[in-house]
1. For region 228-242, what are the residues that are in contact (Cβ under 8 Å) with a residue 60 or more places away in the chain, touching a Gly at 6+ places or on another chain (Cβ under 8 Å) and crowded, with 19+ Cβ neighbours inside 10 Å?
2. Right, G160: crowded, with 24+ Cβ neighbours inside 10 Å and within 14 Å of ligand 2 (Cβ to nearest atom) or not?
3. Please list, ordered by residue number, the helices (runs of 4 or more DSSP H) wholly in region 282-358 having 2 or more residues that are within 16 Å of ligand 2 (Cβ to nearest atom).
4. Residues being more than 21 Å from P401 (Cα to Cα) and among the polar types (S, T, N, Q): count how many of those fall in region 366-383.
5. Could you figure out which of (1) assigned by TED's automatic domain parsing to the domain that holds K238; (2) within 16 Å of ligand 2 (Cβ to nearest atom) isn't true of N276?
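The values are calculated or read from the model by the stated rules, or taken from the named source; none is laboratory data. As the structure is a prediction and not an experimental result, all values here were calculated from the model. A quick note on method: Cβ atoms are made from the backbone with ideal geometry, for glycine too, and the neighbour counts reach across all protein chains shown.
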Amino acid sequence: MQRLLGAGPRHWEAVGAARRSGRAGLRLRLLAEAGRRKAALLWQPVNGGGAPPTGSDAPEGGSGGKGGCALGWRRGKHVAAAAQAGLDAPGLLPMVETFCARAMRVAEADLVQQLRSARPAKEKRQWVQGILETIQRCSHVLEVSIPVKRDSGHWEVIEGWRAQHSQHLLPCKGGVRFSESISIDDVKALAALMTYKCAVVDVPFGGAMAGVKIDPKKYSEGELEKITRQFTVEMAKKGFIGPGTDVAAPDINTGEKEMSWIADTYSRTLGYKDINAHACVTGKPISQGGIHGRVSATGRGLLHGIENYINNTLYMNLVGLSPGFPGKTFALQGFGNTGLHTMRYLHRHGACCVCVGEVDGAIYNSSGIHPKELQDYKMEHGTIVGFPKAEPYEGSVLEVPCDILIPAAIEKQLTKENAHRVQAKVRSAKNALPCRRARINGSCPRYRGAEFGPPYINDPV
Ligand SMILES: NC(=O)C1=CN([C@@H]2O[C@H](COP(=O)(O)OP(=O)(O)OC[C@H]3O[C@@H](n4cnc5c(N)ncnc54)[C@H](O)[C@@H]3O)[C@@H](O)[C@H]2O)C=CC1
Ligand SMILES: O=C(O)CCC(=O)C(=O)O
């Protein structure tokens, strides 16, 4: 486990070494504090959102000043780097790092002040900076190549990763995503976000994430089982899964079935002597020790996240809406596990879903789309396209006129190119970091509504 040790009075380094509980405890508090401040930043109604302190506003002697930063972060650095590489936006990891560094920059001076220690101010600052530096990095990343014999007889080698961003509290916690577009950097970024999400709500876990680079639609169930089980064995061999160390969960393209394969594999191998072996995953079927309500928990989390704002008269006045769900319209991007259950909960509370967008098309009905009817249709046809009680919608679901927008698919959907076209007054996302570059330089001036409910607040962890 990574511990923080003082390397002499002048600086701090992150090294694997013996535990110093006082400092580990401090790191945890700082982590939580940094996370809360980051949340506070993101929670500002974006129209009134302030830019991060720069130059003379930056904490004295801290990480500010002329765009310079003790944490090695420069405002706009990643945007420039992406542009240089010919990309229209930075990747998820640089974005997460940028947001994180920005939050830390804002928090640093206060954290130094709060540090109860008789040490000289300079030393305290170095201590805080060292801890913040540590928080930014992923502690451990496992990269595996999984050879799989396809049903056709040919062999394929599949890439997979598990990142443990922080082990300041164990177990680490985070999902397993199957996606053709996932990369090691995405996995690291999502693991970091898991740490922050847990810290913000004081859930005692470190953050983790796994990605397997496949499009599951191109594999048979037998092939997927082989891949999942083999990936689990590789994680088990290296300490990247276990009830007390690292607990996996569903994410995009994974669910109860994959979790039960993982739990079963773990309990038959490394965990065979452990009565709690099945606790190496959450989100498993009830018959395997899962809990009631987990499947819909992500959607429920979103509901409660939105509730905090939609029922608040002050916030609703700010965006020109009346408080309460009844009569509100919403649009949903992504009709998977999260999208479906969010839609169900909001519908039950009296809101009306007017548009649903998926990878293969969107549908619209100004009088409302019923979640159960759409779920049944998707079960039968494997798509929402062609749903008879709605019209096909050619535009972007993110830009549909409505009161609440719910991006519940993948990251980086709201960008500086489309933010100004978003018509919803309230946006509450489940996907981690749904915004792309639009907000990377501060608030999102082009988005006219209010940005409520950062994803981690809505999480069911
Ligand atoms: N399942 C869970 O327990 C949790 C999920 N999340 C997050 O919620 C989000 C959704 O995850 P799940 O619902 O679990 O995945 P899922 O795989 O059940 O559903 C995702 C849906 O989004 C659709 N989709 C993907 N890209 C899209 C695009 N560009 N436009 C429109 N639709 C698109 C997919 O076709 C799929 O139907 C992810 O960002 C995930 O990280 C977060 C915490 C827990
Ligand atoms: O429940 C978990 O551990 C994973 C949750 C998750 O995937 C997320 O918050 O993005």
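1. Across region 228-242, the qualifying residues are F231, G242.
2. In short, no.
3. The helices (runs of 4 or more DSSP H) meeting that bar are 294-310, 337-348.
4. Qualifying residue count for the region: 2.
5. (2)
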